[in-house]
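Working notes, beginning with the structure itself.
The values are calculated or read from the model by the stated rules, or taken from the named source; none is laboratory data. Please read all numbers here as calculations on a predicted model, not as lab measurements. Heads up, the Cβs are rebuilt from the backbone with ideal geometry, glycines too, and the neighbour counts pull from every protein chain shown.
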Amino acid sequence: MDAIVELTTRDSIPAKDTWDLDGLYASEQTWRADFKSLESRIPKYTSFQGTLDESAGKLKACLDFDMEFSRTLEKVHTFAHLRNDEDKTNNLHQGNYETVTRLLTQYQQARSFINSEIMEIPEATMQEFLDHPDLKEYRLYLERELRYRPHTLSSKEEALLAATSEIARAPQNAFGMLDNADLKLGSVKDENGKEITITHGNLQSLLQKQDRRVRKDAFETYYKAYEDHKFTYSTLLSGSIKKDIFYAQARNYPSVREMNLFYENIPVSVYDNLVQSVRDNLGPLHRYFEIRKRILGLDELRAYDNNVPLVKDLEWNMPYEEGVDKISEALAPLGSEYVSTVKEGLLGARWVDRYENKGKRSGAYSSGCYDSNPFILMNYKDDNINSVFTLAHEAGHSMHSHFSKRNQPYMYADYTIFVAEVASTFNEALLTRYFLNQDISHDMRIYLVCREIDNIRGTLIRQTMFAEFEHQIYQTAESGQPMTVETFQDIYRTLLETYFGEGVVLDPCLSLECLRIPHFYFGFYVYKYATGISAAYALANRVLSGGPKELNEYLNFLKSGGSQFPIDLLKGAGVDMSSPAPIKTALAKFGELVGELESLTS
């Protein structure tokens, strides 16, 4: 593991290893000019207020201004957040990002009248507007907005709700500061007796240690910090839930869940099908735990035993450029245009900020805006196989964005979260298939099969458990019951017992896990990971076993952006997420992998 002292500073990184942001702004001065222009134009919104019902032309003029403003703001925001993530210690970039965030709030307040005024236009008048040639390009946009008619308040009430947005983020922001800044997670001695400070970033590495004493100590020490702060964490989560309930009630939704599903037009049955399908197919997961217990030679399996690799001392070295070559070969079933574009983006076009540097944001993501290339933040490690898979994953996101923005107008280019993980997981599935088809060692085959098992376990099964927990805690709160730390722990403990089964001994502190998941501050978000990986496996099966028709339908899905609701987009690609079938396909794949692992380790 690289020591922190070896990290280089940002200005020492070769340009070829960094993303090229010149296509956004060639200098901070040109960025600031756009920022100042946006600031000066915010008052222009008031000139449209009260006029939207006068004519199709007046409505179009307002929408044109709003779209152009939003498009420039997206560009300004993207540049600021990418620069800020390059080095979190750079005061200039940090300050620029904070000023853009404030501008974003001002923009939301300034435009808050638009939706309510659109809703107040009489239906007969609005139908005339929708049929008018001036509004042809906005017809779908307006039809989507009009779905919110029963949930839109008066202009004054909408402005008031928009002004509460910063206050509403208080529980989420407080959780973030407590969890990332104030919380002291303690330390543990590693297998060599060296004292290691536990962080959120290195916990998984500690839980992968072959020395069980290290895993146990790290696990118990980590959760001791949450035990010491459990009342604060439960109060913050309860506050976030109450905030969501307030907005759902204010906007006349039957529940918070239905409010969150409404945006993407997702039927409640999709959520319920997911939970029921996974619950009905937990057998292979419980078999996997038994395999782990056998191979690790344990009398009892505990949660801190479920991340340690089943093969030891597996050597891996794949420099970035070689990783790109392997990814390109793996993605060959997607056609020459896809492969050449992704290879050029990852190498020549400098979409990727490749390596770690001092102050750089951890992890990985794909970002960008309508007027830029996709950009990928990486912290690539030659000796970590996960780096290659992460690069393939983020390249999937980037290619989805690339195709969408080149085939859709600005207002329909963004795809929703429900389909966001499809292209990325599809790419990972192809990469796993590629490596398994190579001449590899027995241990490497076990490692790759385990990796795919753990990917499905973490993305489909674990996220479904989280989704079930979310549904239950919101139901409990909406029924008027107090949301105490005991309430959260009791609900979560019951779910742990169901999903882990009798083969895993559950330490009492594991019920505190529900208090540390940041996604619970973004109501009803986690289920989309599970549906996304299910759609990806169903589509991968379809493309790999099909021909040009199936491939073209998948590529058309990538090109469609947000031009349809996500369920309809996936139907066009050949997968019906309104049925349990795709979930069952992914669960069947999981079962096959567990069976293969049994054979490889028998």
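Would you mind stating whether residue 392 is under 25 Å from residue 350 (Cα atoms), out of contact with any Pro (no Cβ under 9 Å at 6 or more places or on another chain) and buried (at least 21 other Cβ atoms within 10 Å of the Cβ)? So residue 392 fits the description; yes.
Here segment 544-574 is the region considered, the condition is being within 29 Å of residue 138 (Cβ to Cβ) and of a type in the set (A, V, I, L, M), and the residue that is surrounded by the fewest Cβ atoms within 10 Å (Cβ to Cβ) is 555.
Residues considered: 526, 543, 594. Of these, the only one that is under 22 Å from residue 276 (Cβ atoms) and over 19 Å from the mean Cα position of the chain (by Cα) is 594. Within segment 57-66, can one find any residue that is part of a helix (DSSP H, G or I) and under 23 Å from the mean Cα position of the chain (by Cα)? No: segment 57-66 contains no residue that is part of a helix (DSSP H, G or I) and under 23 Å from the mean Cα position of the chain (by Cα).
One line per residue, one yes/no per condition, for (1) in contact with a Phe, Trp or Tyr (Cβ under 6 Å, 6 or more places away or on another chain); (2) aliphatic (A, V, I, L, M):
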{"residue": "433", "(1), (2)": "no, no"}
{"residue": "441", "(1), (2)": "no, no"}
{"residue": "448", "(1), (2)": "yes, yes"}
{"residue": "451", "(1), (2)": "no, no"}
{"residue": "456", "(1), (2)": "yes, yes"}
{"residue": "477", "(1), (2)": "no, yes"}
{"residue": "481", "(1), (2)": "no, no"}
{"residue": "487", "(1), (2)": "no, no"}
{"residue": "490", "(1), (2)": "no, no"}
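Is it true that some residue in segment 554-572 is over 24 Å from residue 338 (Cα atoms), in contact (Cβ under 8 Å) with a residue 60 or more places away in the chain and either not assigned by TED's automatic domain parsing to the domain that holds residue 418 or not hydrophobic (A, V, I, L, M, F, W, C) (or both)? No, the conditions are met nowhere in segment 554-572.
Which residues, taken from segment 17-31, are touching a residue at least 24 places away in the same chain (Cβ under 8 Å) and either part of a helix (DSSP H, G or I) or under 14 Å from residue 103 (Cβ atoms) (or both)? Of everything in segment 17-31, those that are touching a residue at least 24 places away in the same chain (Cβ under 8 Å) and either part of a helix (DSSP H, G or I) or under 14 Å from residue 103 (Cβ atoms) (or both) turn out to be 17, 28, 31.
Note on segment 302-313: residues that are surrounded by 14 or more Cβ atoms within 10 Å (Cβ to Cβ) and closer than 19 Å to residue 381 by Cβ amount to 3.
Scanning segment 191-228 for residues that are under 24 Å from residue 384 (Cβ atoms), assigned to a loop (DSSP other than H, G, I, E, B) and either among the small types (Gly, Ala, Ser) or in contact with a Lys or Arg (Cβ under 7 Å, 6 or more places away or on another chain) (or both) yields a total of 4.
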